[in-house]
Amino acid sequence: MSSDSYDGHPALKPPTFDFGEAIRRLKAGFRVHRAGWNGKGMWLILFRPRPSAADLACGGWLDGLPAQPYIAMRTADAKLQPGWLASQADMLAEDWSEAP
């Protein structure tokens, strides 16, 4: 259920949380988003890259360096954008919730 489809009934509104909880839920494998974002269908996910057998055989991914986890965003135009960075507003917001 999206945060804008609860028909105004408070009991149906999904729970919201702060940025710290959003990070905890990302690390637990959930997608999160903010009610304050203008774009519809936007959400974040934590990617944890895994090397293939070929990568491991040559000692890593790029010049022997393993890839680090990163936060990616599903954009309003249905594209995945890696390397999302939080704004001041995102970090201080308390309107985070799990994304459908």
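In table form, for the structure just shown:
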quantity	calculated
By average C-beta atoms within 10 angstrom, highest first, the peptides 69-81, 25-37	25-37, 69-81
Theoretical gain in end-to-end length, GLU94 to ARG50 [0.36 nm per residue, Cα-Cα removed]	12.6 nm
Added length on full extension, which subtracts the Cα-Cα distance from 0.36 nm per residue, ALA86 to ALA67	4.8 nm
Burial ordering of TRP96, TRP84, TRP43, fewest other beta-carbon atoms within 10 Å first	TRP84, TRP43, TRP96
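Read the figures in this text as sums done on the coordinates, not as results from a lab. Since we're looking at a predicted model, the values are computed, not measured. When we count neighbours, we look across all protein chains shown, and the Cβ atoms used for this are built from the backbone with ideal geometry, even at glycine.
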